[in-house]
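S.K.: To start, I am sharing the structure in question, which I have written as structure tokens.
Throughout, read-outs are computed from the coordinates displayed, never taken from laboratory work. As the structure is a computational prediction, the values presented were derived from the model and not from experiment. A quick note on method: Cβ atoms are made from the backbone with ideal geometry, for glycine too, and the neighbour counts reach across all protein chains shown.
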Amino acid sequence: MNKQQNIIIIGAGLCGSLLALRLGQRGYLVTVYEKRPDLRKVNLDAGRSINLAFSNRGIKAMKLVGIDKKVEALCIPMHGRMLHDIQGNTMLAPYSGKDNEYINSISRSQLNALLLDEAEKHSNVTLYFNKTCKSVNFENTTAQFEDYNSKHLFVEDADVIFATDGAGSVLRKNYFLRKKFLFSFSQQYLTHGYKELSILPDDKGNFKTFKNALHIWGRESFMLIALPNLDGSFTVTLFLSFNEGTYNFNNLTSEDRVTEFFSIYFKDALELMPNVTKDFFKNPTSPLGTVKCSPWHYRGNTLLMGDAAHAIVPFYGQGMNASFEDVVEFDKVLETHPNPNSKSDWETIFKTYESTRKQDTDAIADLAIDNFHEMKDHVNHAIFREKRQIELALEKEFPRDYASKYRLVTFKEEIGYREAMLRGRAQDKAILKLISDKEITSSDDLNVILEKIKKETNAILEDDRIAALNQVI
Ligand SMILES: Cc1cc2nc3c(=O)[nH]c(=O)nc-3n(C[C@H](O)[C@H](O)[C@H](O)COP(=O)(O)OP(=O)(O)OC[C@H]3O[C@@H](n4cnc5c(N)ncnc54)[C@H](O)[C@@H]3O)c2cc1C
């Protein structure tokens, strides 16, 4: 057995630190290089999504490495979406018809710190901070780094290099720029960007609004969301176009205009955020995009993982969960090839992993774009609310027989994103058609509704099969 293979991981974010922990548990010699300072020693929250929606696929990964109980202590359950209309009325729309199915709000830095602590417990895992990867020579399996403080440049080699360096991955850039093989790459920005704001705790340190929900103020072409933090605050994110509409990021340039915008569209939120203009001008506005590429690996030398391979927009709350699931799926392949000790062994592993995983990460990328429209707009339409009401009733009555698209993606971690997408989209079409044709209403007998939805969904799936729309690639 040759477990003493040297592995370099570039990037100690959420995916890289989990990967380091898992490969450390498997006995590899792992060295991690992270460009930023150690977040356990320096506060790095400013400007990045401070908290994240964490759900079953992420939990599955924490179970794999045996730290799910420790992670649970960092979580705030969110049982549904708290929808705020423009008049300030609220409605809690549960995420599932089953009480034990909910998502969680978790602090990015606390989770990352826990993963680093756990990885570092393994003597075969070494973490270096303030070391920026400048380039990767994927043919020689070497990487060049720069030390942030001394500006010293140095080159490290390894048997295998994993790049978990996020959406701006250096390895991915090198694949693209060096043109040594057929590397496909696409990056698509949304017209919308995001800015983080906050609802601070009240004088006693309590939450100012309902804690156990993901709050959404959907306003058709833009929206505001808020997720709770353990300290009684909420991290609020405004998703808004850069240059379209009456109010956009490019023209919200004065405190008066920001206050005017919030008082027209988010009056109840504004009452909770006296600090809004301060946050607005202090925090950056960032773009949102989808990155797809292939192949993720170069022979048996290098592999992209997490956002480096597939950055997605955040509207399904799945980017981190998918990146964690990457590690689970990679680990499954490693389990069937437990002792890789040659380039050709690693190449087989990388190919096998990518051949099954890519279709799922492509699917969640597309679903995340769909959900952008659903969250900001559809949730306010009567037909979508009726559909949701029917689906929740079905999930409650027939938890084994019915799962909405959201439930398939978020709570059915045993199936892949692609299967969830195909089944979920067909069901959505079926229900909307049945409601608009007045073939079902929320007051009908649930058994009858279920049968009609199943029949219509199967017919749509069959049509898609004939048109080759749901071929597994
Ligand atoms: C606004 C917003 C909200 C989101 N909300 C959610 C959510 O609710 N739920 C969810 O599941 N996902 C969410 N995501 C997605 C999630 O943040 C990412 O999918 C996740 O962080 C990916 O992890 P990663 O480790 O692959 O990349 P990252 O977290 O980006 O980590 C990459 C690491 O690599 C380091 N690095 C970068 N370049 C170099 C270099 N050259 N050399 C060395 N190190 C380097 C970085 O410093 C960083 O530590 C959200 C994203 C955004 C933008």
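S.K.: Just to check, using Stokes-Einstein with a Kirkwood Rh over alpha carbon pairs, what's the diffusion coefficient of segment 7-113 at 20 °C and 1.002 mPa s in µm²/s?
M.R.: 134 µm²/s
S.K.: Just the Kirkwood number for segment 328-415, please: inverse of mean 1/r across all distinct Cα pairs, in Å, one decimal.
M.R.: Working: mean 1/r = 0.0624 Å⁻¹.
Every distinct Cα pair counted, the radius reaches 16.0 Å.
S.K.: Could you put Glu34, Glu196, Glu146 in order, starting from the residue whose Cβ has the fewest other Cβ atoms within 10 Å?
M.R.: So the ranking, lowest neighbour count to highest, is Glu146, Glu196, Glu34.
S.K.: Using R₀ = 41 Å, calculate the FRET efficiency as 1/(1 + (r/R₀)^6) where r is the Cβ-Cβ separation of Asn206 and Thr246; round to 0.05.
M.R.: 0.70
S.K.: In addition: In segment 92-181, what trypsin sites (Lys or Arg not before Pro) fall in a loop by DSSP, with at most 14 other Cβ atoms inside 10 Å? The partial results should precede the final answer.
M.R.: Details: sites: Lys98, Arg108, Lys121, Lys131, Lys134, Lys151, Arg172, Lys173, Arg178, Lys179, Lys180; in loops: Lys98, Lys121, Lys151, Lys179, Lys180.
Those satisfying the criteria are Lys121, Lys151, Lys179, Lys180.
S.K.: Calculate, in nm to one decimal, what Ser254 and Leu92 gain on full extension: separation in residues at 0.36 nm each, minus their alpha carbon distance.
M.R.: Values: separation 162, 0.36 × 162 = 58.32 nm, distance 3.37 nm.
Stretched out fully, the Ser254 to Leu92 stretch lengthens by 55.0 nm.
S.K.: Would you mind ranking Glu391, Glu439 by Cβ crowding within 10 Å, fewest neighbours first?
M.R.: Starting with the residue having the fewest Cβ neighbours, the order is Glu439, Glu391.
S.K.: Count neighbours as other Cβ atoms within 10 Å of each site's Cβ, and list the trypsin sites (Lys or Arg not before Pro) in segment 1-43 that are DSSP loop with at most 11 such neighbours.
M.R.: Lys41
S.K.: Let me ask something else. For the chain, just run the numbers: alpha carbon Rg, then divide by 2.2 N^0.38 Å, N being how many residues it has.
M.R.: 1.01
S.K.: Roughly speaking, what is the centre-to-centre gap between segment 260-301 and segment 63-77 when only Cα atoms are used, to the nearest Å?
M.R.: Result: 26 Å between the Cα centres.
S.K.: State the Kirkwood hydrodynamic radius of segment 381-472 in Å, one decimal place, computed from all pairs of distinct Cα atoms.
M.R.: Value: 13.4 Å, from the Cα pair sum.
S.K.: For segment 237-297, run through the chymotrypsin sites (Phe, Trp or Tyr not before Pro) and keep only the ones in DSSP coil with at most 16 other Cβ atoms within 10 Å of their Cβ.
M.R.: Phe242
S.K.: Moving to a separate point now. Would you mind checking the radius of gyration and Dmax of segment 116-230 based on alpha-carbon positions, in Å?
M.R.: Values for segment 116-230 (Cα only, Rg and Dmax): 21.5, 60 Å.
S.K.: Next question. Can you order the peptides 226-233, 211-218 by their average number of other Cβ atoms within 10 Å per residue, highest first?
M.R.: 211-218, 226-233
S.K.: While we're on this one: Let me understand segment 238-346 better: what is its radius of gyration from the alpha carbons, and its Dmax, in angstrom?
M.R.: Using the Cα atoms of segment 238-346, the pair Rg, Dmax is 21.9, 64 Å.
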